[in-house]
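Bear in mind these aren't lab numbers, they're just calculated from the coordinates by the rules spelled out. All of these numbers come straight from a predicted model, not from anything done at the bench. Reconstructed Cβ throughout: ideal geometry from the backbone, glycine too, with neighbour counts over all protein chains shown.
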Protein chains: 2
Amino acid sequence: MPIDSFKNLPVKDLAQLFKLLAEPNRLHILCSMGLECRPVSAIIAGTGLTQTNVSFHLRALREAGLVKAERHGSFVFYCLYDTRLLELLEALNDWRQVHAPSTEFVSGQATQAS
Amino acid sequence: MPIDSFKNLPVKDLAQLFKLLAEPNRLHILCSMGLECRPVSAIIAGTGLTQTNVSFHLRALREAGLVKAERHGSFVFYCLYDTRLLELLEALNDWRQVHAPSTEFVSGQATQAS
DNA sequence: GACTCACATGCGTGGCAACACATATGCCTA
DNA sequence: TAGGCATATGTGTTGCCACGCATGTGAGTC
């Protein structure tokens, strides 16, 4: 693997993944799922989104292979396919905090980069 | 730090970062910059995009703090603020290859996940 | 089978983002 | 200072995406 292997990154595919993660609500859904499987109703309650909207986003995440759905009775449980995604999100967030703090709350105070 | 610290991720800010990275051309620009500083004209040549478009995307990246601009004569050189971003991109791409291959080329053959 | 609950889907709408064209600005050279 | 090159910016258009409403489907209960 050459040093500048990032020049050969599949930009298009990677961008498609980022597009999925670029939606605050979708990201919220992913994070609120965490490590466990939860029924859609729990996700709706946890996020405060409408049922239509949650279903819409779950479909996108499911079709992209980020989450999987399992029927249990009349409930459909959703969970992450690979929870390591959350670690990557945290890593990226650590980087962001240092680098592009934008709107960030530090010890209860808003530090807006004007 | 609790185990489920990802439930406290600043979803909105993180999504904003992903939004920047969700544009194939913008991602291409970032990757093609690599570790060195390059003038806009080089980026234009490297990406094949129009001057307007490159300038447009560079502005977004600059205002987000992902890249910095330096004037040298009549040229403006752009480079990454923190090249560790590329490592994160690679990590995320490795994850993606395993997990959401979507449209991926392996040894010249398209392996479409139908 | 009728009713209910959990979830999915089709359709229409509004808003935003990428892009191109034209033009402005800044720097250099002669 | 005139002219040309490098880059930025303003405006308008187009296309896509998130969202809500209404409705469909599938499972469980009686």
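Counting only other chains, and only Cβ atoms inside 10 Å, what mean value do you get across the residues of A:89-99?
6
For B:SER41, which inter-copy label distances result when the label point lies 7 Å beyond Cα on the Cα-to-Cβ vector, reported in nm to one decimal and in ascending order?
6.6
Please arrange B:ILE29, A:ILE44 by counting, for each residue, the other beta carbons lying within 10 Å of its beta carbon, fewest first.
A:ILE44, B:ILE29
At 7 angstrom along the Cα-to-beta-carbon line, where would the label on A:ARG59 sit relative to the other copies? Give the distances in nm, shortest first.
Copy-to-copy label distances at A:ARG59, shortest first: 3.6 nm.
Over all directions, what mean area does the Cα convex hull of the range B:9-91 project, stated in square nanometres?
5.5 nm²
List the distances, in nm to one decimal, from the label point of B:LYS7 to the label points of the same position in every other copy, shortest first, placing each label point 7 Å from Cα along the Cα-to-Cβ direction.
4.6
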